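Asks: Okay, here's the structure, questions in a sec.
The values are calculated or read from the model by the stated rules, or taken from the named source; none is laboratory data. Values in this document were obtained by computation on a predicted structure and should not be read as measured data. Here the Cβ is made from the backbone with ideal geometry for all residues, glycine too, and neighbour counts use every protein chain on show. In case anyone asks, the SASA skips ligands and DNA or RNA and just uses the protein heavy atoms, side chains included. Shrake-Rupley method; radii C 1.70, N 1.55, O 1.52, S 1.80 Å.
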Amino acid sequence: MNCLFCKIIDGSIPSTKVYSDEQCYAFADIAPQAPVHVLVVPRKHIASLLEITGEDPALVGHLHWVAAEIAREKGLTRGYRTVINTGEDGGQTVDHLHVHLLGGRSMAWPPG
Ligand code: AMP
Ligand code: ZN
């Protein structure tokens, strides 16, 4: 499958690893939008939240648990933002489900 994040997970495209387990892989975003910008991606290829099924809720929860653990490990005690962009209107550019962990600065609302 011609998927950028599947290639990052299998190591054929390099990345800066932040965390890894049997269900997911986390790495530094190549174009960071905050001092901490990590992507948490499931090893299973799921294009987006538009595609999740009844088998996936625990996995989606796990991605958020991992994001929270990374935030804790990076000392983001003042808070942070997790984001999942979904589909065209959601601004998703890579069609493999991922959680953005953004921290280290104050975030604005609403998003663009
Ligand atoms: P999204 O727009 O929500 O689909 O997010 C895709 C993210 O992937 C963007 O923040 C990109 O900067 C990031 N990205 C694209 N290519 C790479 C790469 N080779 N390594 C790390 N992050 C990447
Ligand atoms: Zn993929």
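Asks: If you average 1/r over every pair of different alpha-carbon atoms in the stretch 28-89 and take one over that average, what Kirkwood value in Å do you get? Each step should come with its number before you reach the end.
Replies: Details: mean 1/r = 0.0764 Å⁻¹.
Taking the inverse mean of 1/r over all distinct Cα pairs, the stretch 28-89 comes out at 13.1 Å.
Asks: Summing Lys, Arg as +1 and Asp, Glu as -1, what charge do residues with Cβ under 13 Å from the Cβ of HIS37 carry, HIS37 excluded?
Replies: Result for the neighbourhood of HIS37: +2.
Asks: Further question: What does a probe at THR77 reach in the stretch 87-106, counting residues whose amide N is under 19 Å from the point 7 Å along Cα→Cβ?
Replies: 103-106
Asks: Could you work out the relative contact order of the chain? I mean the mean sequence separation of Cα pairs under 8 Å and 6+ apart, divided by the number of residues, in percent. Write out the running numbers ahead of the final one.
Replies: Working: 162 pairs, mean separation 33.4, N = 112.
About 30 percent, as a whole number.
Asks: Which aspartates and glutamates have a Cα lying under 19 Å from the Cα of LYS17, excluding residues fewer than 8 positions away in the same chain?
Replies: Reachable aspartates and glutamates: ASP29, GLU69, GLU73.
Asks: Using a 1.4 Å probe and counting only protein heavy atoms, arrange MET107, MET1 so the residue with the most accessible area comes first. Each step should come with its number before you reach the end.
Replies: Details: MET107 50, MET1 165 Å².
The ordering from most to least exposed comes out as MET1, MET107.
Asks: Based only on Cα atoms, what Rg/Rh ratio does the chain have, Rh being taken as Kirkwood's radius? Numbers along the way, then the final one.
Replies: Working: Rg = 13.5 Å, Rh = 14.4 Å.
Rounded to two decimals, Rg/Rh equals 0.94.
Asks: If you check each cysteine of the chain for another cysteine whose beta-carbon is under 4.7 Å away, which ones come up empty?
Replies: CYS24, each lacking another Cys Cβ under 4.7 Å.
Asks: Taking the Cα atoms only, what angle lies between the long axis of helix 57-73 and the longest principal axis of the chain, rounded to 10 degrees?
Replies: Roughly 40 degrees, rounded to the nearest 10.
Asks: Using a 1.4 angstrom probe and counting only protein chains, how large is the accessible area of ARG43 in Å², to 10?
Replies: Roughly 90 Å² of ARG43 is accessible to a 1.4 Å probe.
Asks: Among ALA67, ALA31, ALA47, which one shows the biggest mean-square fluctuation in a GNM of the chain, springs joining Cα atoms closer than 10 Å?
Replies: ALA31
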